[in-house]
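Please find one structure pasted underneath; my questions will follow.
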Amino acid sequence: MPGLILAAPSSGAGKTTVTLALLRLLSRLGLDVRGAKSGPDYIDPRFHEAACGAPCVNLDAWAMSPERLISLAAGPELLIIEGAMGLFDGAPPEGRGAVADLARLMALPVVLVVDAARMAQSVAPLVAGFAAHDPAVRVAGVILNNVGSARHAGMLRAALAPLGLPVLAALPRRADLALPSRHLGLVQAGENPDLAAFLDRAADALAAGVAGDEATDLEALLSLSTPLPDVPDLDPSARLNPPAQTIAIARDEAFAFTYPHMLNDWRAAGAELRFFSPLADHAVPQADFVFLPGGYPELHAGRIARAATFLATLRRHGDHRPIYGECGGYMVLGDVLFDSDNTPHQMAGLLPLATSFKTRRLHLGYRTLTATTGPFPGRHRAHEFHYATTLHKGGAPLFEATDATGAALPPMGIREGQICGSFAHIIDRG
């Protein structure tokens, strides 16, 4: 089936809102459609799934091989890929991993979402520059976002007319088309009780356009989509190996950051996945291995500290079998987590680690990890994104690490017996 990409000149242009509106609108019209998200994002894909009812995958052009990317993109539905940051923005030094890389690899057209709230005729040189920047990246149309009125829309359309690029839609500037955010991105889809109403509202706004202006040309938008590449045979050795035969995985609002392709790789290799909720104080299921993913433990630290059944069964499991924590899960394996009010919360005490959110410090970037020990041997591509400060840590290093430029970083993660973890989110084999 065909696909297309929604990208923008920069972050904050409204790509997510436009993508959700389009997914919802097409789904309501009875089309088989699904979303994909460029880059290392755990939050936006869950909104995609809510909008159209189909699973959403991550397509990370920095961390994944071309074969992996094409195999994940393949499917019977129309694929709408939401870009990250600006169209050509990627990892240093040359911008590798940008959504433009996906456009080149898959020969997919790009629809440029432009936040027009503070411009009129200047929209033309902006769009012209993006359209001409790289002949291998085809900007095929424009969606105008945050348009103030029909008169404003008319000025924008007139300015863009000489470029020969179709203006496919103009979305009105409306406060009720914004989603709430927090420090790692949008407030999670599962935490928004009004999400269905928001998605329908966004879809209605996209369909109608700006009052007094042209309605969205959905037929022209769909006609831009092009067939995806033929699916290659993905070498089984390129998949992520499961760390055990049975894996207990924490899953709730505090432990929500797992990549579907990782879990699918584990299942394809024959692993059985058993999910449980620490926030509901579930006992850790019997399993050969426990995985605590990332998420927002800092927002729920008090509940986690009071989850006596979860903590007791986790500690008992750690007496005999391995446990791995990733980012938020790593912090929960530690001794104490200080929240943003500097209140200490006792965690599992399985790793010599103390973390704090009193003074937030951004840690962000791609990582190449080489395991020195632990359940994920070899090299992996990963991503780090958190605001926690490490107050102290002990134990043996878990990974040797480099950044996106190849520069060496201090060792990442720690291991204490069979218990280990790190702040890095593993994405794929390295």
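Around R429, under 12 Å between beta carbons, what's the net of Lys plus Arg minus Asp minus Glu among the other residues?
In short, 0.
Near A371, within a Cβ-to-Cβ distance under 11 Å, what is the net charge of the other residues, with Lys and Arg +1 and Asp and Glu -1?
+1
Checking the cross-link filter: which lysines have an alpha carbon closer than 19 Å to that of K37, excluding same-chain neighbours under 8 positions apart?
K15
Next up: Applying 1/(1 + (r/R0)^6) with R0 = 22 Å to the Cβ-Cβ distance of D176 and L29, what FRET efficiency is obtained, to the nearest 0.05?
Efficiency, from the Cβ-Cβ distance: 0.45.
Shifting gears a bit: Mind giving me the nanometre distance, one decimal, between the label points for H320 and A74, set 7 Å out from Cα along Cα→Cβ?
For the pair H320/A74, the computed spacing is 4.2 nm.
Given the convex hull of the Cα atoms of the chain, what is a quarter of its surface area in nm²? Can you show the working numbers first?
Details: hull surface 80.4 nm².
Result: 20.1 nm².
Moving to a separate point now. I want the local charge near P293. Using Cβ-Cβ distances under 11 Å, sum +1 for each Lys or Arg and -1 for each Asp or Glu among the other residues.
Its environment carries a net charge of -1.
Which FRET efficiency value, to the nearest 0.05, do you get for T370 and A132 by plugging their Cβ-Cβ distance into 1/(1 + (r/R0)^6) with R0 = 41 Å?
It comes to 0.50.
What does the highest-first list of 141-148, 119-126 look like by mean Cβ count within 10 Å?
141-148, 119-126
Using alpha carbon centroids, what distance separates the stretch 1-76 and the stretch 194-248, in Å?
Rounded to whole Å, the Cα centres lie 3 Å apart.
Accessible area of K358, 1.4 Å probe, to the nearest 10 Å²?
Accessible area, nearest 10 Å²: 120 Å².
Here's a follow-up. Pull out a ≥ b ≥ c, the square roots of the eigenvalues of the alpha-carbon gyration tensor of the stretch 367-430, then state rounded if a/c is under 1.5, prolate if not and a/b is larger than b/c, and oblate in the remaining case. Walk me through the numbers before you get to the answer.
Details: a/c = 1.67, a/b = 1.16, b/c = 1.44.
It is oblate, given that a/c is not under 1.5 and a/b is not larger than b/c.
A follow-up question, please. Ordering M85, M106 by accessible area with a probe of 1.4 Å, largest first, what comes out?
From most accessible down to least: M85, M106.
Give me the number: length gained by fully extending R118 to M1, i.e. 0.36 nm times residue separation minus the C-alpha to C-alpha distance, one decimal in nm. Walk me through the numbers before you get to the answer.
Numbers: separation 117, 0.36 × 117 = 42.12 nm, distance 3.71 nm.
Extra length from R118 to M1 when fully extended: 38.4 nm.
What is the extension gain from D233 to E214, computed as 0.36 nm multiplied by their sequence separation minus the C-alpha to C-alpha distance, in nm to one decimal?
That works out to 2.4 nm of additional length.
Per the Debye formula with a single identical scatterer at each Cα and no solvent contribution, what log10 I(q)/I(0) holds for the stretch 27-87 at q = 0.25, 0.28, 0.30 Å⁻¹?
-1.07, -1.24, -1.33
Continuing with this model, one more query. Over the Cα atoms of the stretch 313-419, what is the Rg over Rh ratio if Rh follows Kirkwood? Display every interim value, and only then the final one.
Details: Rg = 14.0 Å, Rh = 14.5 Å.
Radius of gyration relative to Kirkwood radius: 0.97.
If you put +1 on each Lys and Arg Cβ and -1 on each Asp and Glu Cβ, how big is the dipole of the stretch 311-430 around its Cα centre, in Debye rounded to 20?
Roughly 140 debye for the stretch 311-430.
Okay, next question. Work out the length of the dipole vector of the chain about its Cα centre, built from +1 on the beta-carbon of each Lys and Arg and -1 on the beta-carbon of each Asp and Glu, and round it to the nearest 20 debye.
Working: 35 positive and 42 negative charges, 120 e Å.
Result for the chain is approximately 580 debye, rounded to the nearest 20.
Any chance you could run the full-extension gain for Q346 through S11? It's 0.36 nm times the residue separation minus the Cα-Cα distance, nm to one decimal. Please list the in-between numbers first.
Values: separation 335, 0.36 × 335 = 120.60 nm, distance 3.70 nm.
Between Q346 and S11, full extension yields 116.9 nm more.
Binning every alpha carbon pair distance of the stretch 246-356 at 10 Å from zero, what are the percents per bin?
16, 51, 27, 6, 0
Return the FRET efficiency for the residue pair T405, S277: r is the Cβ-Cβ distance, R0 is 45 Å, and the value is rounded to the nearest 0.05.
0.70
The values are calculated or read from the model by the stated rules, or taken from the named source; none is laboratory data. Computed from a predicted model, the values in this text were never measured in an experiment. Using ideal geometry, Cβ is built from the backbone for each residue, glycine included, and neighbour counts are taken over all protein chains shown. With ligands, DNA and RNA removed, areas are computed over all heavy atoms of the protein, side chains included. Shrake-Rupley method; radii C 1.70, N 1.55, O 1.52, S 1.80 Å.
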